């Protein structure tokens with residue numbers, strides 16, 4: 001057992017404990033954010049130095065490969081931006097700031113393990129570690145809406161966890177294995193008739209899709225999204241919208257390709273399921289977002305549509321198992337661009353909402369005169385979420401849709417492009433209100449340096465990936481190549 005392979009995760013554990021202890025002895029709560037960021041930076045350094053490693057640890061339960069390290073760095077970047085964006089918000093948590101930062105770190109630990117583990121029981125434990133932290137964070141405001149959001153998220157999350165665990169039990173019963181590579185070998189050793197006539201295996205895969213679908217806010221497992229997005233603290237919503245989704249897609253890619261890629265018949269069928277869910281999710285998310293007046297609720301429904309776009313890559317992977325790297329790396333690049341755009345949008349929303357005391361889109365009217373930098377950043381993020389150049393979202397959608405076309409899913413790409421056009425209406429409506437609406441006041445919107453830094457990093461990332469995406473595409477391809485066993 002080589003603990004050196006576990007250094008990024010151990011660093012987060014130590015940092016979380018240090019933050020909780022420091023919270024007991026200091027009145028300067030900004031130190032908690034600083035210590036958290038330092039710990040994340042150290043964890044990132046360990047992950048970078050391990051790049052190119054391809055080893056297993058803890059009795060083949062933990063994979064240390066470029067795929068896992070790519071997501072570890074992504075999660076670290078997400079949490080750093082969330083912490084920076086939280087600096088103007090955490091005063092609402094009063095005495096619980098230490099717990100807030102510690103839960104962010106521990107949830108990131110769970111997500112990092114989700115991307116790295118290659119054994120079903122370990123995946124489930126990692127998922128629950130991340131989920132329990134997120135349930136708690138959702139109720140941190142302790143008001144009626146926040147408590148309701150946390151309760152709904154907890155109850156529906158418990159049901160999804162039970163479904164997921166039942167699916168894992170059925171897969172274990174059908175193959176006799178919990179290690180992903182051994183499940184792959186067991187499935188590969190089955191004849192087509194054996195696989196197609198194995199109801200336990202097929203039902204287990206369906207239940208896995210349902211359980212993981214909840215984590216990525218995919219249709220029809222999205223019912224928790226609108227209320228949780230509206231009621232939870234805005235920095236937590238930002239984290240949920242990208243961190244939970246990225247972790248869910250990381251584990252889906254590893255489980256489905258590395259376990260059920262041993263049968264072309266199975267791949268074609270679970271790929272078809274993802275294609276249907278992608279089409280339905282895009283339409284439901286975008287059409288339901290159109291009439292929303294609360295910007296957090298609107299972004300909640302849009303996240304369902306974004307999950308649909310991402311599932312286009314999963315459908316392409318199932319449809320063309322002979323060329324998985326294009327589909328997998330497309331999903332990885334899309335997640336990176338989506339994380340930057342969504343975090344940039346929520347960081348700007350935090351600053352504006354703190355000033356106006358409202359998340360209603362109408363209260364963003366005329367923000368170009370009150371907060372020009374924040375308005376520019378939010379507009380750029382929304383343009384990226386549409387998929388318009390020169391933002392990262394354009395390259396991300398082009399990349400993932402190209403993989404789907406190469407896999408013979410032209411019909412799905414046409415639906416995705418149509419949905420992107422639909423989404424432009426509600427995204428650009430916010431831009432129109434901010435740029436051309438009448439301001440309710442001439443008072444400027446103030447924000448801390450840390451929040452402005454989060455906005456700057458996100459905006460620059462969206463622009464750089466939109467203009468020069470090749471380095472990140474190369475990293476995504478390297479990570480995707482390491483996924484198979």
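The values are calculated or read from the model by the stated rules, or taken from the named source; none is laboratory data. Remember, predicted model here, so these are calculated numbers, not experimental data. Neighbour counts run over all protein chains shown; Cβ positions are idealised from the backbone, glycine included.
Residues in region 122-141 that are touching a helix residue (DSSP H, G or I) at 6+ places or on another chain (Cβ under 7 Å) and within 19 Å of residue 82 (Cβ to Cβ): 129, 130, 131, 133, 134, 135, 136, 137, 138, 139, 140, 141. Where helices (runs of 4 or more DSSP H) fall entirely within region 243-329, those with at least 1 residues that are out of contact with any helix residue (DSSP H, G or I) (no Cβ under 8 Å at 6 or more places or on another chain) and over 17 Å from residue 342 (Cα atoms) are at 264-289.
For residue 180, state whether it is more than 20 Å from the chain's Cα centre (by Cα) and surrounded by fewer than 18 Cβ atoms within 10 Å (Cβ to Cβ). In short, no.
Can you tell me which residue in region 49-63 is farthest from residue 178 (Cα to Cα), limited to those that are in a loop (DSSP other than H, G, I, E, B) and in contact with a strand residue (DSSP E or B) (Cβ under 8 Å, 6 or more places away or on another chain)? Let's see the steps before the verdict.
Kept after step one, since they are in a loop (DSSP other than H, G, I, E, B), are these residues of region 49-63: 50-54, 58-61.
This time we only want the ones that are in contact with a strand residue (DSSP E or B) (Cβ under 8 Å, 6 or more places away or on another chain), so: 50, 53-54, 60-61.
Values: 50: 26, 53: 24, 54: 21, 60: 11, 61: 10 Å.
Applying the filter and picking the extreme gives 50.
Of the residues 46, 70, the single one that is at negative phi, touching a helix residue (DSSP H, G or I) at 6+ places or on another chain (Cβ under 8 Å), at pLDDT 85 or above and surrounded by 24 or more Cβ atoms within 10 Å (Cβ to Cβ) is 70. Scanning region 143-194 for residues that are more than 23 Å from residue 122 (Cβ to Cβ), in contact with a helix residue (DSSP H, G or I) (Cβ under 9 Å, 6 or more places away or on another chain) and either at pLDDT 90 or above or in a loop (DSSP other than H, G, I, E, B) (or both) gives 143, 190. Only a single item in (1) under 30 Å from residue 63 (Cα atoms); (2) over 20 Å from the mean Cα position of the chain (by Cα) is not met by residue 458, and it is number (2). Quick check, is residue 416 at pLDDT below 90 and either touching a helix residue (DSSP H, G or I) at 6+ places or on another chain (Cβ under 6 Å) or not in a helix (DSSP H, G or I) (or both)? For residue 416, the condition - at pLDDT below 90 and either touching a helix residue (DSSP H, G or I) at 6+ places or on another chain (Cβ under 6 Å) or not in a helix (DSSP H, G or I) (or both) - is not met.
Out of 381, 353, I need the residue that is at pLDDT below 90 and either farther than 30 Å from residue 73 by Cα or in a helix (DSSP H, G or I) (or both). Which one?
Numbers: 381 fails: at pLDDT below 90.
None of the other options fit; the residue is 353.
Looking only at region 419-438, residues that are part of a loop (DSSP other than H, G, I, E, B) and surrounded by 15 or more Cβ atoms within 10 Å (Cβ to Cβ) come to 1 in all. Across region 19-27, a minimum of one residue is classified as part of a loop (DSSP other than H, G, I, E, B) and without any contact (Cβ under 8 Å) to a residue 12 or more places away in the chain. Here 273, 252 are screened, and the one residue that is surrounded by fewer than 20 Cβ atoms within 10 Å (Cβ to Cβ) and more than 30 Å from residue 365 (Cα to Cα) is 273. Applying the condition of being surrounded by fewer than 23 Cβ atoms within 10 Å (Cβ to Cβ) and within 20 Å of the chain's Cα centre (by Cα) to region 138-154 and asking which residue is farthest from residue 53 (Cα to Cα) yields 152.
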